[in-house]
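One structure below.
The values are calculated or read from the model by the stated rules, or taken from the named source; none is laboratory data. None of these values were measured; they are calculated from a predicted model. Don't worry about glycine lacking a Cβ; one is built from the backbone with ideal geometry, like all the others, and counts go over all protein chains shown.
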Amino acid sequence: MTSSTGPGRVTGARHWWQDAVVYQVYVRSFSDSNGDGIGDLPGITARLPYLTDLGVDALWLTPFYRSPMADHGYDISDQCDVDPIFGTLGDADALLERAHALGLRVIVDLVPNHTSDEHRWFQEALAHPGSPYRERFLFRPPGADGGPPNNWVSVFGGPAWTLDPASGEYFLHLFDSRQPDVNWRHPAVHAEWERILRFWLDRGVDGFRIDVAHGLYKRADLADHPPGLVVEDPIFHASTAPYAWDQPEVLDVYHRWREITEEYDDRVMVGEVFLSELDRVARFVGPKHLHQSFNFPLLAAPLDATTWRNLITASLVAFDVEGASPTWVLSNHDVIRHATRYGGGDEGRARARAATLTLLALPGSIYLYEGEELGLEQDDLPPQARQDPIWLRSGGTVEGRDGCRTPVPWNSVPAGHGFTTGRPWLPLGPQAVSRSVEAERADAGSTWAFYQRALGLRRGAFVGAVRWLELGPELLGFARDHVDGGELVCVLSTGSEQLTVALPGSEVLLASRAGTSASARDVVLPGGAAVWLRRT
């Protein structure tokens, strides 16, 4: 067996976000305090002790700002106020105060690429063709054929342009037609967003997750995308629309935002950067840009030992940047839950636990998605219950995201499952009975108990760089130093058969699956399992 050293540099003072476990709260679906069927800020505040019991370091809140809810809050009419369905600014302050009292950091969503069509600026822009507010968006005359100005398409399907009949011009929207893109070449846009950042920093938020962080700027001439591009993976849409995304000017925005955040104590910015090339993603992080960027390739990859080793190695190299740290993520509010992606049922949930245990052993931060600690899978919703604009715009031909956004089941009572006393905004599926919080916490062998144990063992235990272990096909193994001496080893088996691994002197700290054992000479590992070992 041989080993090689992977990167894991740490420079300067250690910050909380560099190795934090962050729990994503999809606000609409976490906990409803007033019985209207929609999750809200007071509901989250009441459930914060659940997150401390689980063992996370921070929570990330999806948008709770004023919005007509065409895209469930990502179409924002006022970034500095709370929508009444979620509560009030007082409720946001109370949540921050309670979270901080419990030792939890709070990251909030920012959506700088677009507004709602009900935003005051856009309403002024529509008021008359000569309005100066039109320059704050991207209005253009029709193309030569009288149709849209170029060949750009919306991420949600269909053209990225909608006609304003009053003026005869089209406006750009890379998402839903009710989400007009902002013109970041206008100075008023920069000034407004600096105001928004300071508004929330002054209220005490610990950081920002930046939606579509690689968007913002578009190529100045709005030229047609080159013909003949093939969509290989819709997750990384920037690869097939090169003039709409990842323009060089966007980094200047984050340089300025980094200066602002560093006026405050230990805040963080993490970008949602959907780019397939890690070196392009890494351009967004560093001492003069974002602190972190989501690292999505593992989310889109099969659970395969060779694939994972290659992607992890590439990620550690790409994000070995001063003033930044790697991130790891397997699920969020936009993708199919990873328990389902790995096969579903008992086997899919077991492989999901193994994948999570592996990522928790790596340097950097891990972002968990609400409900994965319960082993929740993707819910299959009937057509009449679906609300995602992706599904609606496609006429039901594209699955959409409703299945990963169904509410958290807090208990096994069918009438609302403890999420609400009313009718949930999306129906909970049959798994809500067997994998509710109440049921999972009462079972010492549950996925919830496994997550709690893993997060407790992880805290402060792993230090130093990754050292790869050569263990053979279908096995991914690496070691890191233990803070108290010796080393911690993580081994992941991605095959289906039980394997015996020569790792003498190992003690099992935590295994994702029953049937894992260690002797004086070797370790026995079932297929689709991961284990943490302590070696002296």
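So the values come out like this:
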read-out: The range 316-333 residues that are in contact (Cβ under 8 Å) with a residue 60 or more places away in the chain, paired with ones that are β-branched (V, I, T) (beta carbon under 8 Å, 6 or more apart); value: L316/V466; E322/T11; G323/T11; G323/V285; H333/T62
read-out: Boolean, Q387 is closer than 20 Å to A300 by Cα and either within 18 Å of the chain's Cα centre (by Cα) or outside any helix (DSSP H, G or I) (or both); value: no
read-out: Unique residue being touching a Pro at 6+ places or on another chain (Cβ under 8 Å) and either modelled with pLDDT under 95 or aromatic (F, W, Y) (or both) when the list is H225, H173; value: H225
read-out: Residue, nearest to P132 (Cα to Cα), within the range 189-218, restricted to residues that are surrounded by 14 or more Cβ atoms within 10 Å (Cβ to Cβ) and without any contact (Cβ under 8 Å) to a residue 60 or more places away in the chain; value: V189
read-out: The range 255-271: number of residues that are assigned to a helix (DSSP H, G or I) and buried (at least 23 other Cβ atoms within 10 Å of the Cβ); value: 0
read-out: Breaking point among (1) touching a residue at least 40 places away in the same chain (Cβ under 8 Å); (2) part of a loop (DSSP other than H, G, I, E, B), for G343; value: (1)
read-out: Residue ID - surrounded by the most Cβ atoms within 10 Å (Cβ to Cβ), chosen from residues in the range 272-293 that are in a strand (DSSP E or B) and not hydrophobic (A, V, I, L, M, F, W, C); value: S293
read-out: V413 over 25 Å from the mean Cα position of the chain (by Cα), surrounded by fewer than 17 Cβ atoms within 10 Å (Cβ to Cβ) and in a helix (DSSP H, G or I); value: no
read-out: Enumerated strands (runs of 3 or more DSSP E) restricted to the range 1-87, each holding at least 3 residues that are in the same structural domain as G416 (by TED's automatic domain parsing) and at pLDDT 95 or above; value: 21-25, 58-61, 78-82
